[in-house]
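The values are calculated or read from the model by the stated rules, or taken from the named source; none is laboratory data. Nothing here was measured: the structure is a model prediction, and the numbers come from that model. All Cβ positions, glycine included, derive from the backbone under ideal geometry; neighbour counts span all protein chains shown. Just so you know, the surface numbers come from the protein's heavy atoms only, side chains and all, with ligands and any DNA or RNA stripped out. Shrake-Rupley method; radii C 1.70, N 1.55, O 1.52, S 1.80 Å.
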Amino acid sequence: MTRPSELPGVLVVDDSPFFRRLVSELVASSGEFRVVGTAENGQEALGLVHSLTPDLVTMDLQMPELGGLDAIGYIMSESPRPIVVVSAHAGQGTPAAIRALELGAVELVPKDDGQGRLSAIRMAPRLLGALRAAAAADVRRVPVLARPRQSGAQAFAARPGEARRVVAIAASTGGPRALAELVPQLPVGLEAAVVIVQHMPAGFTRSFAERLNGLSALTVVEASDGMDLRADTAYVAPGDYHLQVRARDGGLRLALDQEPTVWGVRPAADPTFHSVAATFGAAAVGVVLTGLGRDGATGLRAIHDAGGVGVAQDRGTATIYGMPGAAVEGGGTDLVLPLGAMAERIGALLRELPRR
């Protein structure tokens, strides 16, 4: 039996006394974690991170003196550890939530509007699930993301046409930051589309796509049902919908559905990858990035078996190695690469792949 002193320690950071108390009570009563300290702003949190060395941090975003985004940046630069954002600004479509993930936070928990016991009942499963996922994350070897580089040469790409090749990417915990590094570096002008499945709830994916679009030479959009699959365009699967590529009406179109969850998530990468294998065959590159669980492993094997190329993120740069590790074990991986080397290698692969 685990002694209380051996449970993962959590630092609770929030400028609201009510939410500091609520989060602390939920953590302490879980039997899985313990509270090692509380802070009312980011400046106080930085000092406690160094003095108390918590295993995890819950972080509000809107605080006086030093806000949550700045605090996350400092913590991930000075003393990296898993951070769970617990904030009213972690709700649907908020740019601050997307930026927090890019800076290094691994999970988001929107604050509940209620008070007292009702708020606790609503927040408890979300908070504890986020802490469990964060506890499995290894953020020590993941480089701090500032602003992804952009290649000026990419800006002169031709007008997008029909996709003849495809890159299919799967990501979960730690994925927004990994994608914000990878996607802006993907080349254009190679007749390739990109389809992205990031485990994210409904309401977040549109803002995430808009954020990537602002960083990338690729056009990045949230996918919609019936949308044409075009070259030099990246499509982010919307929250709560599986995304598939289908041959229809003489071309390739995206299809969305709300079939049952796969591996407990929707969108899931496996349905997307299987559809990519069926429609593109050897003209596909499948990529599995950081994440908890096994999603993407069987789909990557399908891409590999259809003649395409399977790529997995290496352990050293993955926040959580679960999904890439499962992809390697599943036999669908041709290459295991650090995140920083992926874009260049994917570009080289696309130049070698046959056209659909």
Counting only C-alpha contacts under 8 Å and six or more residues apart, can you give the relative contact order of the chain as a whole percent?
13 percent
Degrees separating the helix 339-352 axis from the principal Cα axis of the chain, which is the longest one
10 degrees
Cα-centred dipole magnitude for the chain, charges only on beta-carbon of K, R (+1) and D, E (-1), debye, nearest 20:
520 debye
For the chain, take the longest principal axis of its alpha carbons; what is the angle in degrees between that and the long axis of helix 269-280, to the nearest 10 within 0 to 90?
10 degrees
Determine the calculated [θ] at 222 nm for the chain from helices alone, applying -39500 (n - 2.57) to every DSSP H run no shorter than 4 residues and normalising by the residue count; nearest 500 deg cm²/dmol.
-10500 deg cm²/dmol
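How much net charge surrounds LEU254 when only the other residues with a Cβ under 12 Å from the Cβ of LEU254 are counted, with Lys and Arg +1 and Asp and Glu -1?
0
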For ASP225, what charge total do you get from the other residues with a beta carbon under 14 Å from its beta carbon, if Lys and Arg give +1 and Asp and Glu give -1?
-3
Considering only LEU52, LEU212, LEU300, give the residue with the highest GNM mean-square fluctuation for the chain, with springs between Cα atoms whenever their separation is below 10 Å.
LEU52
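What net charge is computed for the residues neighbouring VAL336, neighbours being all others with C-beta under 13 Å from the C-beta of VAL336, Lys and Arg scored +1, Asp and Glu -1?
That sum, taken over residues with Cβ under 13 Å, equals -1.
Could you list the square roots of 5 times each eigenvalue of the Cα gyration tensor of the chain, that is, the equivalent ellipsoid semi-axes, sorted largest first and rounded to whole Å?
Numbers: eigenvalues 270, 76, 71 Å².
Value: 37, 19, 19 Å, ordered largest first.
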Could you tell me whether the range 242-307 comes out rounded, prolate or oblate from its Cα gyration tensor? Rule is a ≥ b ≥ c as square roots of the eigenvalues, rounded for a/c under 1.5, then prolate if a/b exceeds b/c, otherwise oblate.
oblate
Based on the alpha-carbon gyration tensor of the range 180-316 and its eigenvalue square roots a ≥ b ≥ c, which shape applies: rounded if a/c is under 1.5, prolate if not and a/b is larger than b/c, or oblate?
rounded
Quick one: Karplus J couplings for the range 282-295, per residue in order, coefficients 6.51, -1.76, 1.60, θ = phi - 60°, nearest Hz, x for Gly and Pro?
6, 9, 10, 10, x, 10, 10, 9, 3, x, 8, x, 10, 4
Could you let me know the centre-to-centre spacing of the range 36-114 and the range 244-299, using Cα atoms, in angstrom?
33 Å
Surface accessible to a 1.4 Å probe, per residue, for the residues of the chain, Å²
40 Å²
Mean-square fluctuation maximum in Gaussian network of the chain, Cα pairs under 10 Å, restricted to GLY129, GLY239, GLY175, hits GLY129
Can you compute 3J(HN,Hα) from phi for each residue in the range 250-265, using the Karplus curve 6.51 cos²θ - 1.76 cosθ + 1.60 with θ = phi - 60°, rounded to whole Hz and x for Gly and Pro?
x, x, 10, 10, 8, 10, 10, 8, 10, 4, x, 4, 10, 6, x, 10
For the range 45-57, Karplus-derived ³J(HN,Hα) couplings (6.51, -1.76, 1.60; θ = phi - 60°; whole Hz; x for glycine and proline) come out as 4, 4, x, 6, 4, 6, 7, 9, 6, x, 6, 9, 10
Considering the dipole of the chain built from charges on the beta carbon (Lys and Arg +1, Asp and Glu -1) around the Cα centre, which of ALA217, MET59, GLY291 is farthest to its positive end?
ALA217
When the Cα atoms of the range 1-112 are enclosed in a convex hull and the volume is divided per residue, what value in Å³ results?
91 Å³
